[in-house]
Amino acid sequence: MFSYYIKLALISVKRNPVLSLLMITAIALGIGASMTTITVNYLMSADPIPHKSQQLFHIQVDSWDPNNPFNDDAQALPNQLTWTDATNFTLAKKAFRQSAMGMSGAIIEPAGDDAKPFEASIRLAYTDFFGMFDVPFMFGNPWDSNSDTKRDQVVVLSKRINESVFGGENSVGKTIVIAGRNFQVVGVIDDWQPMPKFYDVNNGAFDESEELFMPFSLKEELELPNWGNNNCWKSPEGEGYKAFLQSECINTQMWVELPNETAKAEYLGFLNNYVMEQKALGRFPRPLNNRLSNVMQWMESQEVVEEDAKMMMWLSFMFLLVCLLNTIGLLLAKFTGKSAEISLRLAVGASKADLFKQHLVEAAMIGLLGGIAGLGFAMIGLLGIKSLYGDFVDNLATLDIRMILVALCIALLSSIAAGLYPTWRACNIAPASQLKSQ
Amino acid sequence: MLKMTDVKKVFRTDLVETHALRDFNLHVGEGDFVAVTGPSGSGKTTFLNIAGLLETFTGGTYELDGQDVSHLNDKKRSQLRNEKIGFIFQSFNLIPDLNLFDNVDVPLRYRGFNSAQRKKRIENSLEMVGLAQRMKHLPSQLSGGQQQRVAIARALAGEPRFLLADEPTGNLDTQMANSVMDLLKSINAAGTTIIMVTHDGQLASQARRNIYVRDGKVSEISDADVSTPSRLAAV
């Protein structure tokens, strides 16, 4: 009978094209608005590394100004570490995996007479970065831990850089000139774009991942510029790059992988001891306040999903509700117009349950068509967001297959919900009077 | 096979109580062709609706094919309508968007027949009313008389025991009305019991049996065809 109901629904949609189009448009507008905001919220708040987001922790220690907290919240902690602390934490190797990291950039000079130099972003990190975040490799491997300490000039390339400099071939072992120095390529990573870019939300939670990866220790060696956010509560003591690195300015992120609660508790104990030792040396003037946040906690604390986006999503749901109320009215009008057919079907043996199913299928079909059209509106809405906010939301404003299915499910369920009352009304007409009056 | 005993039907509103049927008694035997006449508002159509299980009744008993239908639920009543009763209406009540094949198919869909069974029954029914060649036409492409023939085909497709007709020729001219009446008589001759409500005395006289309804009661009964087996008379 289901195929029969679908056939009848199609006939009914065609019978009243204007009314059907109005309903489909109403649902499509509601779905389009909802899906635009849901998609943005979904991508903003998605777990970027679900299989181990509970085991990865961002480190915060309160090294800030004794007279003023980091922000208006007295309990707020600085969102980055000093270069000194991050380096010390990493070299202590108290976690299963650990990496201080920062953002920089340099000029790449490709080989060949025609090739022009270009600028590329760099993620400075320790070798554990790759294992900790499950970075996929096309060719080669991360550098080994000796390179971290010996400050070897080794580099891991992104797929894009490998294509533009080496034509996409296996470049492991080859030399590339970065910042005027020769670097040996040890690996090329495959497409890798955690969304959000949780490991550095301070410097663009929805930016693309970096194009080059090299040992963190080279930051000091090569005096690489700081491309990320840098905050200071007091000026560096002395002049020059080294004084900047050793200052109380925060510009470095630090992540550790801790496989269980025991490891986490032990690591927090390590941090507390470290801070107490530093206090004895005259640093960390504020009360002891250290924190380990897992991936989702970290993104929430940094408000990766902005309040405005959440508000827009709820407003769009309200709009969908209004559209559905309109659809209820239109369905009532449509089903009332079918009272003669409904009466006839009752007379020839359809039960109320049969008719209920038939008309719910019709409501669902309208919902499905509205959902499909709504996806079109959602795409237009996302294009609007892209044009409004620019390229940096490119990764956010995209409908994936899951969101397409969500859109169709919402359209289907909401249209069925909207169809319940009109269907119930339609199935409870008195057939005798309708049959006589036709 | 259709037996109503002291059946009452009262329509109530906040202000008015209308007795449409009062102690309505009737027994219709198998193979009968009963014409029901009476003035407007006498209760003819109410009787037909109750007989066809389209309306419930307020009191009395009603047995259809030996089964008391007083307390059946919607599903059971629908099943009985589908299997035992065929309806013919004054205004044909064909579904305008469905072609003749699909219109005749409507009751069969609720019967659970498979596709081949339905096709055979539809073709046979349309053949019987002389419209097999036009089964892909829409109702709007047919004359009134032809549309009523389709309605008859639809009613017959499920091979019901009863055919209930409410003014089946009311919207037709005399020639078409006679043609439809001839068809009903041939259907009755083949064994289907017919109850027909009509205002037309000429048509009623062609039935085997006439009953006259007034003020919600059967007031007269006569056998038009003396050869018809005797039946329980209305009281």
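All of the numbers you see were taken from the coordinates with simple rules; none came from a lab. Everything numeric in this text was worked out from a predicted model, so none of it was measured. So basically every Cβ, Gly included, is an ideal-geometry build from the backbone, and we count neighbours across all protein chains shown.
The table below lists the values:
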read-out	value
The protein assembly as shown: antiparallel DSSP beta bridges as a percent of all, rounded to 5	70 percent
0 to 90° range, to nearest 10: angle between helix A:307-336 axis and chain A longest Cα axis	10 degrees
Residues with amide H under 5 Å from that of B:Asp32, placed H, sequence gap 5 or more	B:Ile194
Angle between chain A longest axis and helix A:2-15 axis [Cα atoms, degrees, rounded to 10]	80 degrees
Cα-Cα over 22 Å, subset of A:Lys7/A:Lys334; A:Lys93/A:Lys264; A:Lys352/B:Lys119; B:Lys9/B:Lys217	A:Lys352/B:Lys119
Part-to-part distance (alpha-carbon centres) for segment B:34-93 and segment B:171-209, which is given in Å	19 Å
Dipole-positive endmost among B:Ala189, A:Gly180, A:Ile416 within the protein assembly as shown (Cβ charges, Cα centre)	B:Ala189
Euclidean distance between Cα centres, segment A:225-261 to segment A:284-300, Å	16 Å
Prolate/oblate/rounded label for chain B (Cα gyration tensor, a/c 1.5)	prolate
Karplus (6.51, -1.76, 1.60) ³J(HN,Hα), θ = phi - 60°, over segment B:206-218, in Hz, Gly and Pro reported as x	7, 6, 6, 8, 10, 10, 10, 10, 9, 6, x, 10, 7
Amide H contacts of A:Phe183 (H built 1.01 Å from N, under 5 Å, at least 5 apart or other chain)	A:Ile176, A:Val177, A:Ile178
13 Å Cα-Cα reach of A:Lys338 towards aspartates and glutamates, excluding residues that sit fewer than 8 places from it in its own chain	A:Glu362, B:Asp97
Separation between Cα centres of segment A:110-144 and segment B:96-127, rounded to whole Å	71 Å
For segment B:55-109, Kirkwood radius (reciprocal of mean inverse C-alpha pair distance, Å)	13.4 Å
Relative frequency of Cα-Cα separations exceeding 16 Å in segment A:149-233, percent	60 percent
Binned Cα-Cα distances of segment A:141-295, short to long, each 10 Å bin given as a whole percent	9, 27, 37, 21, 6, 0
Karplus-derived 3J(HN,Hα), 6.51/-1.76/1.60, for each residue of segment A:62-73, Hz, glycine and proline x	8, 9, 7, 4, x, 8, 9, x, 4, 9, 4, 7
Test item: Cα-centred dipole of chain B, Lys/Arg +1 and Asp/Glu -1 on Cβ, debye	580 debye
Distance cut-off 46 Å, percentage of C-alpha pairs in the protein assembly as shown lying past it	49 percent
³J(HN,Hα), Karplus 6.51/-1.76/1.60, whole Hz, each residue of segment A:204-213, x for Gly, Pro	x, 5, 10, 6, 6, 5, 6, 9, 10, 10
Signed unit charges on C-beta, dipole axis of segment A:250-343, positive-most listed residue A:Gln302, A:Ser339, A:Trp255	A:Ser339
Using alpha-carbon coordinates, inclination of helix A:261-280 to the longest axis of chain A, degrees	40 degrees
DSSP bridge pairs, chain B: antiparallel proportion in percent, nearest 5	55 percent
Mean projection area, nm², convex hull over Cα of segment A:13-153	18.2 nm²
